[in-house]
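Each value in this text was obtained by applying a stated rule to the coordinates, not by laboratory testing. Just so you know, these numbers come straight off a predicted model, no measurement behind them. For neighbour counting, all protein chains shown are included, and Cβ atoms are generated from backbone atoms with ideal geometry for every residue, glycine included.
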Amino acid sequence: MQRAFQSAKLGTISLKNRFFRSATHDYFGNADGTISQRQIEIIEDLAKNNVGAIITAITAVRADGISEQNQNRLDDDRYIEPMKKVVDIAHTYGSKIFVQLAHGGAKSRLEADNTIYSPSTVMINDDTATKEMTKEDILRITDAFVSAALRAKKAGADGVQIHGAHGYLLSQFLSPITNRRIDDYGGSAQNRFRIVREIIRRIVSEVNIPVILKLNSNLIRGNHFIEGVNETYLADLVEMVREAKTAGCLAIELSGTGFQQLTQITHPYFIHQAIEIQKHVDVPIILVGGIRNIKHIQQVMDANIDFIAMSRPFICEPDLIEKFKAGQFKARCILCNQCFILPNTNGRRCVFHK
């Protein structure tokens, strides 16, 4: 168990422990997409309480890929200096920081003057069709990820995370449910992964910054079992992780879809998928989902999984690592998901905050 609290290496990056703050949209960004003072304070709370690595809130690589209110952006050089403030405050306390880069795809906010892109045409809001992406569209969005990664590097980030999970654009490509293309970006797992592979390869070669990738462990929302289509998807996932490593990806964060529906599970939600992937691909795994007590941490370490990530428990208690070290058994977080509502209603992040 002590292994989780000891220093570790991720590639050439030295970490003071094996804990990651998984990317969390906090709703406190400025309306223009810049980092706010409140966000700097959130990162400082985590860093000064010894979170080894912090992944930023979801950050849009293009204006037409914004999916959340007050979402941070890196689609212009004017966002570099504000992002640098977050990086600097994390580094002040010895924490490492990865900027999560994403495009919303079909989950993007529908504005009067923007096009909603997706791998295949889908209906949103019952009366609006998304635009199936052409290869030119794919290249433009790939370029945007590369440009955003360069801005993250200029801001001093230790790496970037490519968001390929939770129903955003890249996970729409990865899922055979939302990707019905018949060209070389659809069909087989290798083809569906093509856009992600190209993004990773170009960032590694052109920007020269470490890249980690976030992926869904399951295909069916709220179903964590390795059975049926989830079992077929796991075989695809192994192939995708193998492709990511070959492209230069440093580590994989395994999450999943429908985690809000998994609160009754008594083990880390996707630990069995992580164990299966490790049998086939030698790549560091960062596991997130349902980890909120010392028993869960022990289960992850016993499975020889490299890193632990948490999101909601750190919203409730940014000092959770220090509390665990002092003997606290479990996080105060009860997985009520009010942290997705309270920021917009009264500025609080957790039901336990005053």
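In region 89-115, whose amide N lies under 17 Å from the spot 7 Å out along Cα-to-Cβ of residue 30? List them in ranges.
89, by backbone N distance to the label point.
Using a 10 Å cut-off on Cβ atoms, rank the peptides 162-171, 119-128 from the highest mean neighbour count down.
In decreasing order of mean packing, 162-171, 119-128 become 162-171, 119-128.
Given +1 on the Cβ of Lys and Arg, -1 on the Cβ of Asp and Glu, and no further charges, what dipole in debye does region 1-85 carry about its Cα centre, rounded to the nearest 20?
It works out to roughly 620 debye.
How would you rank 272-278, 259-265, highest first, on the average number of other Cβ atoms within 10 Å across their residues?
Ranked by mean Cβ neighbours within 10 Å, highest first: 272-278, 259-265.
Ignoring everything except DSSP H segments at least 4 long, calculate the 222 nm mean residue ellipticity for the chain; use -39,500 (n - 2.57) per segment, divide by total residues, nearest 500.
Theoretical 222 nm ellipticity from helices: -9500 deg cm²/dmol.
What is the list of residues in region 245-276 whose amide nitrogen lies under 17 Å from a point 7 angstrom out from the Cα of residue 329, following Cα to Cβ?
Correct set: 266-268.
Between the DSSP loop rule and a limit of at most 15 other Cβ atoms within 10 Å, which chymotrypsin sites (Phe, Trp or Tyr not before Pro) in region 265-314 are left?
Of the chymotrypsin sites (Phe, Trp or Tyr not before Pro), not one in the loops of region 265-314 has a Cβ with at most 15 other Cβ atoms within 10 Å.
Which of the aspartates and glutamates could a cross-linker bridge to residue 131, judged by Cα under 19 Å and excluding same-chain residues fewer than eight apart?
64, 111, 113, 143, 183, 184
Whole percent per 20 Å bin, from 0 to the bin with the longest distance: what is P(r) over all C-alpha pairs of the chain?
Bin by bin from 0 Å, the calculated values are 32, 62, 6.
Put +1 on the Cβ of each Lys and Arg and -1 on the Cβ of each Asp and Glu in the chain; which of 46, 328, 15 then has its Cα farthest toward the positive end of the dipole?
328
Which percent, nearest 5, of DSSP beta bridges in region 2-346 are antiparallel?
Of the beta bridges lying entirely in region 2-346, close to 15 percent run antiparallel.
For region 2-346, what does the relative contact order come out to in percent, with C-alpha contacts under 8 Å and a separation of six or more?
Once normalised by length, the contact order is 15 percent.
Using alpha carbons only, how many angstrom separate the centre of region 119-138 from the centre of region 275-333?
Region 119-138 and region 275-333 have Cα centres separated by 37 Å.
If we sort 284-297, 194-207, 222-235 on the protection proxy, mean other Cβ atoms within 10 Å, highest first, what's the order?
For the peptides 284-297, 194-207, 222-235, the packing ranking is 284-297, 194-207, 222-235.
With the calculation restricted to Cα positions, what are the radius of gyration and Dmax of region 120-228 in angstrom?
For region 120-228, the Cα radius of gyration and maximum Cα-Cα distance read 15.1, 45 Å.
Find, among the GluC sites (Glu not before Pro) in region 70-177, those assigned to loop by DSSP (not H, G, I, E, B) with at most 10 other beta-carbon atoms within 10 angstrom.
none
Under unit Cβ charges (Lys, Arg +1; Asp, Glu -1), what dipole magnitude, rounded to 20 debye, does the chain have relative to its Cα centre?
1060 debye
Please work out how much length the chain gains when fully extended from residue 282 to residue 81, using 0.36 nm per residue of separation minus the C-alpha to C-alpha distance, in nm with one decimal.
Full-extension gain reported as 68.7 nm.
Projected onto the charge dipole of region 272-354 (+1 at Lys/Arg Cβ, -1 at Asp/Glu Cβ, origin at the Cα centre), which of 291, 340, 275 gives the Cα projection farthest towards the positive end?
Checking the options against the dipole of region 272-354, the answer is 340.
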